[in-house]
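Visitor: Handing you a structure now.
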Amino acid sequence: MERSLVLLKPDCVQRRLMGQIISRFEDKGLNIIAMKLLQVTPEMSKQHYAEHVEKPFYPGLEEFITGAPVLAMVIEGLEVIRVIREMLGATSGLKAASGTIRGDYSSSRQMNLVHASDSPEAAAREIGLYFDAAEVLDFTPCLTPWLKAGDE
C-alpha cells in the first residue's frame with residue numbers, strides 16, 4: 001500500500017466540487033485515511049512549495065493557495081500516487097484529457113483544483129506538513145476484498 005497527500009485547492013472548495021472529487025477517489029476504490037479542512041498559511045505555503053519560493057510566479061501561487069480553505073486528505077491504495085495523478089490529468093486544465101478530474105472541471109493552469117504528491121518521498125514530506133501521525137488512521141474497509149486480490 002502507498003499513501004499520497006491530496007489537497008482540494010481553494011478553487012475546488014469555492015466552486016463546491018469537493019464532494020464530486022472525493023466521490024471519484026472513492027469510486028476508484030481508494031481509501032481516505034485522513035481528512036481536514038484548513039487554511040494554508042504563508043508559512044505552510046513556503047514549506048509545501050519550497051522548490052518554487054524563489055521563482056517569479058511564487059507570489060501568485062502563495063496568494064492563491066492561502067486565499068481560501070483547502071481540504072487536505074491522505075489517500076491510500078495500490079500504486080496510489082500514479083493512480084491519482086492519472087485521475088487528475090495534465091497540470092493545466094486546458095491540456096487535461098476529458099474524463100480526468102482537471103479535464104472535466106478545470107480550464108486553467110493554476111486553478112487546477114487538486115494537488116497530489118508526485119513521489120513516495122514527496123508524499124511522506126507533504127503528509128507530515130498537514131497531518132500529525134495520530135490524525136492518519138490505519139484501517140481496512142470491509143469491502144477491500146472486493147476491490148483487490150489478496151496477493152496485491
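Results for (1) buried (at least 21 other Cβ atoms within 10 Å of the Cβ); (2) out of contact with any helix residue (DSSP H, G or I) (no Cβ under 7 Å at 6 or more places or on another chain); (3) within 22 Å of residue 13 (Cα to Cα), shown as yes or no for each residue.
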residue: 89; (1), (2), (3): yes, no, yes
residue: 93; (1), (2), (3): yes, no, yes
residue: 104; (1), (2), (3): no, yes, yes
residue: 114; (1), (2), (3): yes, no, yes
residue: 119; (1), (2), (3): no, no, no
residue: 123; (1), (2), (3): yes, no, yes
residue: 150; (1), (2), (3): no, yes, no
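Visitor: Restricted to region 45-70, and to residues that are touching a residue at least 12 places away in the same chain (Cβ under 8 Å) and either under 28 Å from residue 152 (Cβ atoms) or among the hydroxyl-bearing types (Ser, Thr, Tyr) (or both), which residue is surrounded by the most Cβ atoms within 10 Å (Cβ to Cβ)?
Guide: Step by step, filter region 45-70, then rank; the result is 45.
Visitor: Then there's this: Please go through region 96-152 and pick out each residue that is among the charged types (D, E, K, R), more than 22 Å from residue 61 (Cα to Cα), at pLDDT 95 or above and outside any helix (DSSP H, G or I).
Guide: 132
Visitor: Looking for whichever is touching a residue at least 60 places away in the same chain (Cβ under 8 Å) and either more than 13 Å from residue 5 (Cα to Cα) or among the hydroxyl-bearing types (Ser, Thr, Tyr) (or both) here; the options are 141, 145. Which one fits?
Guide: Going through 141, 145 in turn, just one is touching a residue at least 60 places away in the same chain (Cβ under 8 Å) and either more than 13 Å from residue 5 (Cα to Cα) or among the hydroxyl-bearing types (Ser, Thr, Tyr) (or both): 141.
Visitor: Taking region 16-30, which residues are assigned to a loop (DSSP other than H, G, I, E, B) and either touching a helix residue (DSSP H, G or I) at 6+ places or on another chain (Cβ under 7 Å) or exposed (fewer than 14 other Cβ atoms within 10 Å of the Cβ) (or both)?
Guide: Of everything in region 16-30, those that are assigned to a loop (DSSP other than H, G, I, E, B) and either touching a helix residue (DSSP H, G or I) at 6+ places or on another chain (Cβ under 7 Å) or exposed (fewer than 14 other Cβ atoms within 10 Å of the Cβ) (or both) turn out to be 16, 17, 28, 30.
Visitor: Test of understanding: among 33, 84, 75, which residue is within 16 Å of residue 127 (Cα to Cα), buried (at least 17 other Cβ atoms within 10 Å of the Cβ), in contact with an Asp or Glu (Cβ under 8 Å, 6 or more places away or on another chain) and at pLDDT 95 or above?
Guide: On inspection, the qualifying residue turns out to be 33.
Visitor: Do we have residue 104 as under 25 Å from residue 2 (Cα atoms) and among the acidic types (Asp, Glu) here?
Guide: No; evaluated as a whole, the condition is false for this residue.
The values are calculated or read from the model by the stated rules, or taken from the named source; none is laboratory data. Everything quoted here is computed from the prediction, not taken from an experiment. Reconstructed Cβ throughout: ideal geometry from the backbone, glycine too, with neighbour counts over all protein chains shown.
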